[in-house]
Amino acid sequence: MDLDTYHKIVSQLPNSVTLIAVSKGQSIDKILKLYNDGQRHFGENFEQELTHKKENLPKDINWHFLGNMQTNKLKKISSSSYLIQSVSRKKVLDKLNNFNEKKSINVLLQYKLGNEDTKSGFSRAEIIENHERYKNSNSLKIIGLMGIAENSTEEKRTQNQFKEIAQLYNELKSKDENISTLSIGMSSDYNLAIESGSNMIRLGTVIFGKRK
Ligand SMILES: *Cc1c(COP(=O)(O)O)cnc(C)c1O
């Protein structure tokens, strides 16, 4: 891991943008190094890995959940996470809504960009419908959208996808004051995402190096 790269990225980020260090497949040691350097937001994709790391790292880390969710793991995921970013099925929303925790859980709805079968996410109509359905829920609070651009080397294509999600985000934001977070941008495309209005980027390999 190269802390110089991390410092350079952080120093160039606009104040409005929160950096999530995506630590899946990375060691506790590396996470601690970044923590000691001031990083407080980390992202994980698997419940067991999240639970293990949370138990073995400082308590003031904000953990973001980014992976696919099996409904039988939801209770654990929701109690360990500061923000669940990868909600892409109505069944997951229903279940989170039924937990009735004293403290509501913050979530982002994942919007599907592009046509790749391997990527999950709601359609535009489903986003609008589910936002309507749950915007007044006491046990879950939808605070924005998350998206993953298609694997593409064509800048224009990625840019168009980011514009598409930014537009939907702004629509929701104009009718709901809880909407505050647009999570787009990964190692290969975060500059484009920020140009398109991202205020939360999720960087893994560019900071940590290759995953195990
Ligand atoms: C793994 C992952 C990332 C980080 O990807 P990099 O290309 O390593 O920056 C970001 N977002 C999600 C949802 C991920 O699963």
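The values are calculated or read from the model by the stated rules, or taken from the named source; none is laboratory data. All figures in this text were calculated on a predicted structure; none of them were measured in a lab. With ideal geometry, Cβ positions are generated from the backbone for all residues, glycine too; neighbour counts draw on all protein chains shown. These accessible areas exclude ligands, DNA and RNA; they are computed on the full protein's heavy atoms, side chains included. Shrake-Rupley method; radii C 1.70, N 1.55, O 1.52, S 1.80 Å.
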For the Leu57, Ser120 Cβ pair and Förster radius 30 Å, calculated FRET efficiency rounded to 0.05 is 0.60
Carbon and sulfur atoms account, in whole percent of the 1.4 Å probe accessible area of the range 43-136, for 45 percent
Pseudo-spin-label distance Glu195 to Glu49, built 7 Å along Cα→Cβ, given in nm, is 3.1 nm
With label points set 7 Å from each Cα along the Cα-to-Cβ direction at Lys76 and Ser139, the distance between them in nm comes to 2.0 nm
SASA check, Asp29, accessible area w/ 1.4 Å probe, all protein chains in place, rounded to nearest 10 Å², comes out at 110 Å²
Between the alpha carbon centres of the range 62-120 and the range 1-45 the gap in Å comes to 22 Å
Reported to the nearest 10 Å², Arg211 has, with a 1.4 Å probe, an accessible area equal to 110 Å²
Per residue, accessible area of the chain with a 1.4 Å probe, heavy atoms of protein chains only, in Å², comes to 51 Å²
In nanometres, the difference between 0.36 nm per residue of separation and the alpha-carbon distance of Ser11 and Glu171 is 54.5 nm
Rounded to whole angstroms and listed largest first, the alpha-carbon spread of the chain along its three principal axes comes to 44, 41, 32
